[in-house]
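Novice: Shown below is the structure under consideration.
The values are calculated or read from the model by the stated rules, or taken from the named source; none is laboratory data. Small disclaimer: the values here were computed from a predicted structure and weren't measured. No Cβ is skipped: glycine too gets one built from the backbone with ideal geometry, and neighbour counts run over all protein chains shown. For accessibility, only protein heavy atoms count, side chains too; no ligands or nucleic acids. Shrake-Rupley method; radii C 1.70, N 1.55, O 1.52, S 1.80 Å.
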Amino acid sequence: TLVDQESALWLDRRVDSDILRSNLRFHTGVPIVDERDAPFALTHAAANPDPACFAAGDNLSPEKSTTLIVEVPSLNGGLTLRLSGPGLREPRAIAPQLPTAILTYLRERPHPFPQGVDLIFTCGEAMMALPRTTDVEVC
């Protein structure tokens, strides 16, 4: 539901397959590209993806940012993160099992707003979104 024939997708080799490509082409028509500056990227936690390596936009063109979709082992049982910011009435704690590179990115946030990478974590049929506007504190 996120991609279409006008929004390119980068696939990590750990999730790339003929079946996935065939389904994406049939259902969405999304162009699959080799560049990590695509609007969307799909990877797996085992690849230890570094969000800083994806397009983060800039002050004049924040829309050039990448939404990084990461399949994780679990949305529970990881390091506790306290979230606050726009869209949250009060701080909220989450604990997805995230790879080291993503935890480092969230701690350092090298891209000042409006720059940044939007993150979506999936586990089976469940998902959790972490927009770049969210303030993240490692507990």
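Novice: Using the structure shown, decide if residue 118 is acidic (Asp, Glu) and under 18 Å from residue 41 (Cβ atoms).
Specialist: yes
Novice: Okay, moving on. Tell me, which residue of the stretch 50-85 that is surrounded by 15 or more Cβ atoms within 10 Å (Cβ to Cβ), farther than 19 Å from residue 113 by Cα and among the β-branched types (Val, Ile, Thr) is nearest to the chain's Cα centre (by Cα)?
Specialist: Only one residue fits best here, namely 69.
Novice: Working carefully through the options 38, 56, 129, 47, find the one that is closer than 20 Å to residue 9 by Cβ, touching a His at 6+ places or on another chain (Cβ under 8 Å) and not polar (S, T, N, Q).
Specialist: Criteria check complete, one pass: 56.
So that you can scan it fast, the table gives a plain yes or no per residue for (1) over 16 Å from residue 43 (Cβ atoms); (2) buried (at least 17 other Cβ atoms within 10 Å of the Cβ); (3) aromatic (Phe, Trp, Tyr):
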residue	(1), (2), (3)
87	yes, no, no
91	yes, no, no
96	no, yes, no
102	no, yes, no
110	yes, no, no
127	no, no, no
131	yes, no, no
137	yes, no, no
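Novice: For the stretch 112-121, which positions are within 11 Å of the chain's Cα centre (by Cα) and open to solvent by 30 Å² or more (accessible area, probe 1.4 Å)?
Specialist: Of everything in the stretch 112-121, just one residue is within 11 Å of the chain's Cα centre (by Cα) and open to solvent by 30 Å² or more (accessible area, probe 1.4 Å), namely 118.
Novice: Right, another one. Considering only the stretch 1-49, how many residues are small (Gly, Ala, Ser), touching a residue at least 40 places away in the same chain (Cβ under 8 Å) and exposed (fewer than 15 other Cβ atoms within 10 Å of the Cβ)?
Specialist: So the count comes out to 1.
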